[in-house]
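Have a look at the structure below before the remarks.
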Amino acid sequence: MSANRWSDSRKRRHKLLIRRVEEIEDGKGAYIPSWTTIAEPWAEAEGLNGREAMLDQSLQSIAVYRFRTRYTDKIKTADQVRFGELNLNITSAVDPIGTRRDLIIIATTEGARSDAP
């Protein structure tokens, strides 16, 4: 293993939960949201910026994070990242140089559903 790969893996010290919401029928004809964990990768995490916005008639802070993890094709922009106590909506998940080695996930607190466990 090269020194560069070793240092990359040592930076990935944050455990993420990647979750997807599915609508499950409750037996009475209604559908309720149910969260399913689809991946639990280790990632390098970096807070990019923050701002404030008016959401639902109140001023709320919005944070954006970048995560670098091993490549997987399971993650979609409709999914959500659980990072510590934060629920984050994925805005992009891309392979930065097309080698299927790394995946860069950009996620934000803006509009993140709080009904997730």
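Give the lysines whose C-alpha is closer than 25 Å to that of K74, dropping any in the same chain fewer than 8 places away, or say none. Cross-link targets: K11, K15.
Across all C-alpha atoms in segment 73-117, the radius of gyration and Dmax reach 11.5, 36 Å. Ranked by how many other Cβ atoms sit within 10 Å of their own Cβ, fewest first, the residues V94, V81 fall in the order V94, V81. Arranged from fewest to most other beta-carbon atoms within 10 Å of their beta carbon, F83, F67 become F83, F67.
Computed from the C-beta positions of E22 and T91, the FRET efficiency with R₀ = 25 Å rounds to 0.75. Our estimate of slack between R100 and T72, defined as 0.36 nm per intervening residue step minus the Cα-Cα distance, is 9.3 nm.
Bear in mind these aren't lab numbers, they're just calculated from the coordinates by the rules spelled out. What you see is a predicted model, and the numbers here were worked out from it, not measured in a lab. Reconstructed Cβ throughout: ideal geometry from the backbone, glycine too, with neighbour counts over all protein chains shown.
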